[in-house]
Amino acid sequence: FLPHLVASMEEVEETYIMIKPDGVQRGLVGEIISRFEKKGFKLTGLKLFECPKELAEEHYKDLQSKPFFPKLIDYITSGPVVCMAWEGIGVVASARKLIGATNPLNAEPGTIRGDLAVQTGRNVVHGSDSPDNGKREIALWFREGELCTWMPVQEPWLIE
Ligand code: IDP
Ligand code: MG
């Protein structure tokens, strides 16, 4: 049978996940990618990238007026980040659950931030907050040709 047809296209979402510079510096890249992989989502884009200031500002433009905005831009541009696009049914909200609350001290154990971070200003990972923002952010961080369309062999064992 055709596994790529098992999920209706309406249910399939995409989200932009980014390991922030602290996650890269602390050697947490494999650990963080593993959590999304093991859950069963499909990786469609992946790169190590030094983020230009203008891109960081565009990505976080909704937070422009916040007092912490300059520090946030310095943080995101302080070293390489790992940019990822993930696809799956309900992936946007599910990834946010896997990531945990913005303040790692409020994040549940078992979540990435709950297990691996202590401060909001060093919370190791980003995840899109809506399907629309998922699309917007993937378009912002990836160029055409950097994303892959592929069919994981495990798909029929994940989605009925
Ligand atoms: P989110 O990453 O959980 O979606 P947002 O409110 O969208 O949280 O904020 C984006 C990022 O800005 C946070 O992940 C964190 O890195 C940073 N941030 C948010 N609030 C604060 C703050 O009060 N102090 C310092 N950094 C903050
Ligand atoms: Mg956010």
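The values are calculated or read from the model by the stated rules, or taken from the named source; none is laboratory data. Remember, predicted model here, so these are calculated numbers, not experimental data. Please note: Cβ atoms are built from the backbone with ideal geometry, for glycine as well, and neighbour counts cover all protein chains shown. To get the accessible areas, we keep the full protein, side chains included, count just its heavy atoms, and leave off ligands, DNA and RNA. Shrake-Rupley method; radii C 1.70, N 1.55, O 1.52, S 1.80 Å.
Observations on the model:
- Computed over protein heavy atoms with a 1.4 Å probe, the carbon and sulfur contribution to the accessible area of the chain reaches 54%.
- Across the chain, C-alpha contacts under 8 Å between residues 6 or more apart give a mean separation that, scaled by the residue count, equals a relative contact order of 36 percent.
- Cα-based helix-to-principal-axis angle, 131-141 vs the chain, degrees rounded to 10: 70 degrees
- Tensor-based shape of the stretch 46-98 (alpha-carbon gyration tensor, a/c under 1.5 rounded, otherwise prolate or oblate): oblate
- Accessible area per residue in Å² at 1.4 Å probe, computed on the stretch 37-160: 59 Å²
- Using only side-chain charges placed at the Cβ, +1 for Lys and Arg and -1 for Asp and Glu, the dipole size of the stretch 51-160 relative to its Cα centre rounds to 420 debye.
- Rounded to the nearest Hz, the phi-derived 3J(HN,Hα) couplings of the stretch 22-31 under the Karplus curve 6.51 cos²θ - 1.76 cosθ + 1.60 (θ = phi - 60°) are 5, x, 5, 4, 8, x, 9, 4, x, 4, where x marks glycine and proline.
- Placing dummy labels 7 Å off each Cα toward the beta-carbon, the span from MET151 to LYS38 is 2.8 nm.
- Environment charge of LEU105, counting only residues whose C-beta is closer than 14 Å and scoring Lys/Arg +1, Asp/Glu -1: 0
- Ranking ALA107, ALA93, THR44 by how far each Cα lies toward the positive end of the dipole of the stretch 1-113 (charges on Cβ) leaves ALA107 at the top.
- Cα centroids of the stretch 87-127 and the stretch 137-151: 23 Å apart.
- Gyration tensor (alpha-carbon) shape descriptor, the stretch 91-159, a/c threshold 1.5: oblate
- The fraction of all Cα pairs in the stretch 1-127 landing in successive 5 Å bins from 0 to the largest distance is 2, 11, 19, 22, 21, 14, 6, 4, 1, 0, 0, given as whole percents.
- Dipole axis of the chain (+1 Lys, Arg; -1 Asp, Glu on Cβ), positive-most option in PHE68, ALA56, MET18: PHE68
- Reachable aspartates and glutamates from LYS71, criterion Cα separation under 18 angstrom, eight or more residues apart if same chain: ASP22, GLU50, GLU54, GLU57, GLU58, ASP62
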